[in-house]
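The structure under discussion appears below in the form of structure tokens.
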Amino acid sequence: MSHEITACIFDLDGVIVDTAKYHYLAWRRLAEELGFEFTQEQNERLKGVSRMRSLEILMEIGGIQLSQEEHQEAAARKNQWYVQYIDEMDRSEILPGAEEFLEELRAAGVPFALGSASKNAMRILRRIELDQAFSAVIDGTKVSKAKPDPEVFLMAAGEMGIPAENCAVFEDAEAGIEAGLRGGMYTVGVGDPGVLHKAHRVIPGLHAISWSDLRSG
Ligand code: G6P
Ligand code: MG
């Protein structure tokens, strides 16, 4: 199916800003405290996935069983470390080409939204001074179903008033590409083609795309 693209939806972590490394560092610290190793490769499974689901996957990797209460406590501990990292962030951590591409879309009158699983999305957008840039911001505080469920992207499309098939989704996570595909959207993988092979197209970063290039497929 071909897609006429009239709007864009961006994931945040790993697409607009380099927070994926902070999520990894915080989860790795939790794993270390619980006595097991957590590799970058295993971390791919956590990308794009909600906080509680990420914790479940991590505990599965470590072969650890936690009570409901311990789960809540571990997730809160991870988030505390993560927030310490992001509170030190500044605009220099916006990924190469991201701001330029958003500016190009804005100048061309193309609406664009944020579609992130993160409950910290607004905090991050404020840190990098992009909190006013998006037509709509759908984040982890607004959705009930985690990627690969398409809810977050469908809500973003709905808020922009654009049919799903006319939206291009930019994602660095396998679960996010899956969510975009299930939502009937055009998907652009941002990162490793080996991981993101299901996407319609894969680019190394937003520096490698322009609006004219995207709209012509
Ligand atoms: C993003 C990241 C995930 C993270 C999720 C929840 O999608 O890719 O790694 O677990 O957001 O983030 P939060 O800031 O709410 O813990
Ligand atoms: Mg991401």
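The values are calculated or read from the model by the stated rules, or taken from the named source; none is laboratory data. None of the values given here were measured: they were computed from a predicted structure. Cβ atoms come from the backbone with ideal geometry, glycine included; neighbour counts cover every protein chain shown. Each accessible area value is taken on the protein alone, full model and side chains, heavy atoms only, with ligands, DNA and RNA left out. Shrake-Rupley method; radii C 1.70, N 1.55, O 1.52, S 1.80 Å.
Computed from the C-beta positions of GLN68 and ARG126, the FRET efficiency with R₀ = 35 Å rounds to 0.60. Taking N as the number of residues in the chain, what is its alpha-carbon radius of gyration divided by 2.2 N^0.38 Å? Its radius of gyration relative to the 2.2 N^0.38 Å reference: 0.99. On a 0 to 90 degree scale, rounded to 10, what angle separates helix 98-108 from the longest Cα axis of the chain? Helix 98-108 sits at roughly 30 degrees to that axis.
Sum -39500 (n - 2.57) across every DSSP H segment of at least 4 residues in the chain, then divide by the residue count to get the 222 nm mean residue ellipticity, nearest 500.
Details: 9 runs with 91 residues, N = 217.
Helix contribution divided over all residues of the chain: -12500 deg cm²/dmol.
Cα extents for segment 1-78 along the principal axes, largest to smallest and rounded to whole angstrom: 49, 23, 22.
Between helix 151-160 and the chain there is an angle of about 30 degrees, using the helix long axis and the longest principal axis of the Cα atoms.
ARG106 contributes about 140 Å² of solvent-accessible surface, heavy atoms of the protein only, 1.4 Å probe.
The charge dipole of the chain, taken about its Cα centre with unit charges on the Cβ atoms of Lys, Arg (+1), Asp and Glu (-1) only, comes to about 300 debye. Over all other residues within a Cβ to Cβ distance under 12 Å of ALA136, the charged ones net out to -1, with Lys and Arg as +1 and Asp and Glu as -1. Which angle between 0 and 90 degrees, to the nearest 10, do you get for helix 68-86 versus the longest principal axis of the chain when only C-alpha atoms count? The angle comes out near 60 degrees. Listed by chain and number, the lysines whose C-alpha is less than 20 Å from the C-alpha of LYS142, apart from same-chain residues fewer than 8 away, are LYS47, LYS119. Each residue of segment 206-215 was assigned a 3J(HN,Hα) from its phi angle through the Karplus expression (A = 6.51, B = -1.76, C = 1.60, θ = phi - 60°), giving 5, 5, 9, 9, 10, 4, 5, 5, 6, 5 Hz with x at Gly and Pro. If you take all other residues with their beta carbon under 12 Å from the beta carbon of ARG106, and give Lys and Arg +1 and Asp and Glu -1, the sum is -4.
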